[in-house]
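Reviewing the structure listed below.
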Amino acid sequence: MRASGSGGPLSPPSMRLRCRRGYGNDPSLTSDAQVFLYAGGLSNVRTGFDAQAYSDVQKKRIRERVSDFGGKLYMEFGGKLFDDHHASRVLPGFRPDAKIEMLASMKDEIEAIIVISSPDVLKNKVRGDLGITYDVEVMRMIGSFDSRGMKVRGVVITRYEPGHAVKALENKLADADVGCFRHYAIEGYPRCTDKIVSKDGFGRNDFVATERPLVVVAAPGPGSGKMAVCLSQMYHDNLRGVRSGYAKFETFPVWSLPLDHPVNIAYEAATADIGDANMIDPFHLRAYGEEAVNYNRDVEAFPVLNAIMAEIYGESPYRSPTDMGVNTVGQCITDDAVVSFAARMEIVRRYFRAMCDNRQGTAPDSIVSRMEELMARARVRPEDRAVVPAVRSRATSASAPICGIELNDGRIVVGEAAQSVDAPSKMILKALKAVSGVGDGIHLLPDDIVDPAVKAKRDVLGNSSPGFHVDETVIALAVASRTYPSAEKAMSNLDALKGCEVHSSVMLSSVTEAAMRSLGMNVTSEPVYRNRAQYGVGP
């Protein structure tokens, strides 16, 4: 069974654009790719990915794979099932919820199993991009499936261990009328296939009864045990006389793009903390004589998975880990120049995140070194993200934190912290004036709104820095919009900030970052503490 399709010829850029300094002489870029940059914002105003084609082609491929296995397939869903903002950033045109929307259009054919490991529950593991624990994310996933009319057949707790947090999750699932099933650690897993495929291995696990042809097996994060759940289900199906199959849905890396394509390097940047590394699939190369990109964990696991499938059924249908996949993203890229630029900018953003995490002691030096290596491979520098040098230049002469934004038309607006608002809020207000055509002399937040709120924060709540933060600024602007036409005009243009690149001269609080992300901005910071309080000392 062979991976289908390929990316096909990529359409050239639809308009001739002036190169940004630093890329024009890059020999790694094709002549078409060398015209994709201009002084800001290209990835936000042009798309390089066909979302509708993706939905159509992907559904067709999944249905073909279900048919290949006689009408019953367990599909392991890697990566984010929804809220996939990484994909939407590196593939302009890709919608964050494209995958679950695509599945929802097949809802009459689908059931879902959600997987979470007992160790992740017991240690309150957190989904970093959202700041919520995995058990909370499980409940959010159930709600997302339910709201789209897809049946969640149950939640499987893998490597089951008793504990207060595990029991609390089981109770929560019972209250929500969602089935909860236990899978147990198997001694010798994944090497001892005789033990795994036996009554003392998979045979000990609870079986999740399903009825529909496609069973989506998803999890709140990596390492939850999705593949083992799929194989256990196949084992129990076989005991019941049902022949079912396994496939894997991974958006990244894109198997049909080159190993060092920026989109694939951006995936390595996104997973640097768990050590994923892209590689040419050696099994695929040997079987078919063609290169396909996969990543180390799938390549390492393939012999074991194949052996287990052969133990269950007598043979495996797959000749390579790439064969297992059903991903068609590569076929739906319409402008390689646009997605390459977007992916390079994502690598820079990941670099700044690693630098800040390292400064705060939550990421080792090795992660920073890894990010520097990836940037070198992608031929990109922090300064190639236009808002970065703009902020750095202004910060050298400023007496307060600086925050800058690159608007979709390429203009860069910089804001400096003031008594009444912090730097990100000042930047947002200036940016809204720029996109709304409001004159410089007009205040979007009049004193009669700002002054009482600042006074209450200082005198009533005892806040030592009573200036407005981003969430408070947006609320105040909404209040002002009821009375002041300029504020109303600015508020109506808030969506114009979506997808814009933002950089701060100091590290931002998690609350501020979350508020800016909710506005759709791509935020990075210099690895610099704002004040002594951020060090954990002083006021």
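A simple spin-label model places the labels of ALA277 and SER397 4.7 nm from each other, with each point 7 Å out along Cα-to-Cβ.
Most simply put, the chain has about 35% antiparallel DSSP beta bridges, counting only bridges with both residues inside it. Based on the alpha-carbon gyration tensor of the chain and its eigenvalue square roots a ≥ b ≥ c, which shape applies: rounded if a/c is under 1.5, prolate if not and a/b is larger than b/c, or oblate? Prolate, since a/c reaches 1.5 and a/b exceeds b/c. Amide H contacts under 5 Å for VAL217: MET75, GLU76, PHE77, ILE113, restricted to partners 5 or more places along the chain or on a different chain, H placed in the peptide plane at 1.01 Å from N. How large is log10 of I(q)/I(0) for region 75-178 at q = 0.14, 0.22 Å⁻¹ when the intensity is taken from the Debye formula with one equal scatterer per alpha-carbon? Log10 of I(q)/I(0), two decimals: -0.59, -1.26. Taking label positions 7 Å along the Cα-Cβ direction at both SER509 and ASP108, the computed distance is 5.1 nm, reported to one decimal.
Across the options PRO258, ALA165, LEU285, the greatest Cα extent toward the positive end of the charge dipole of region 33-332 (unit charges at beta carbon of Lys, Arg, Asp, Glu) belongs to ALA165.
Spin-label model, ASP97/ALA53: points 7 Å from Cα along the beta carbon direction are separated by 2.5 nm. Around the Cα centre of region 386-535, unit charges on the Cβ atoms of Lys, Arg, Asp and Glu (plus for the first two, minus for the last two) sum to a dipole of about 200 debye. Against the chain, whose longest principal axis is taken from its Cα atoms, helix 423-436 shows a tilt of about 80°.
So what's the net charge close to ALA478: Lys and Arg +1, Asp and Glu -1, counting the other residues with Cβ under 15 Å from its Cβ? Here the charged neighbours net out to -2. Bridging of LYS498 to lysines at a Cα separation below 19 Å is possible for LYS426, LYS430, LYS433, LYS489, once same-chain residues fewer than 8 apart are set aside. For the chain, the longest principal axis of the Cα atoms and the long axis of helix 226-239 meet at an angle of about 30 degrees. Applying the Karplus relation 6.51 cos²θ - 1.76 cosθ + 1.60 with θ = phi - 60° to region 489-505 yields 3J(HN,Hα) values of 5, 5, 4, 6, 9, 4, 5, 5, 8, 5, x, 6, 8, 10, 9, 10, 6 Hz, where x marks Gly and Pro. Since only LEU494, MET507, ALA423 are under comparison, the one whose Cα sits farthest along the positive direction of the charge dipole of region 386-535, derived from C-beta charges on Lys, Arg, Asp and Glu, is MET507. Work through the residues other than VAL178 whose Cβ is under 11 Å from its Cβ and net out their charges, Lys, Arg +1 and Asp, Glu -1. With Lys, Arg at +1 and Asp, Glu at -1, the net is -1. The listed peptides 433-441, 371-379, ordered by packing as a protection proxy, come out as 371-379, 433-441 (highest mean of other Cβ atoms within 10 Å first). Ranking ALA398, SER117, TYR189 by Cα position along the charge dipole of the chain, where only Lys, Arg, Asp and Glu carry charges on their C-beta atoms, puts ALA398 farthest toward the positive end. If you take the alpha carbon atoms of region 33-332 and fit the smallest convex hull around them, that volume is 137 Å³ per residue.
Counting only Cβ charges, +1 for Lys and Arg and -1 for Asp and Glu, the dipole size of the chain around its Cα centre is about 320 debye. Distances between placed amide hydrogens fall under 5 Å for GLY325 paired with LYS248, all partners being 5 or more residues away or on another chain.
Given their separation in residues at 0.36 nm each and the Cα-Cα distance between them, GLN419 and LYS151 gain 91.3 nm when the chain is fully extended.
Scanning residues 5 or more positions from SER525 or on other chains, those with amide H under 5 Å from its amide H are SER504, with H placed 1.01 Å from N in the peptide plane. Each peptide in 480-492, 457-469, 501-513 gets a packing score, the mean of other Cβ atoms within 10 Å over its residues, and the list from highest to lowest is 501-513, 480-492, 457-469. Every Cα-Cα pair of region 329-402 was included, and the share exceeding 14 Å stands at 68 percent. The length gained on full extension between ASN463 and ASP260, counted as 0.36 nm times the residue separation minus their Cα-Cα distance, comes to 68.1 nm. Under 17 Å of direct C-alpha separation, and excluding same-chain neighbours fewer than eight residues apart, LYS107 reaches these aspartates and glutamates: ASP56, GLU64, GLU76, ASP97, ASP146, GLU211.
Computed from the coordinates by the stated procedures, all read-outs in this text should not be read as laboratory data. Predicted, not measured: the structure shown is a model, and the values here were computed from it. In this analysis, Cβ positions are derived from the backbone assuming ideal geometry, glycine residues included, and neighbour counts consider all displayed protein chains.
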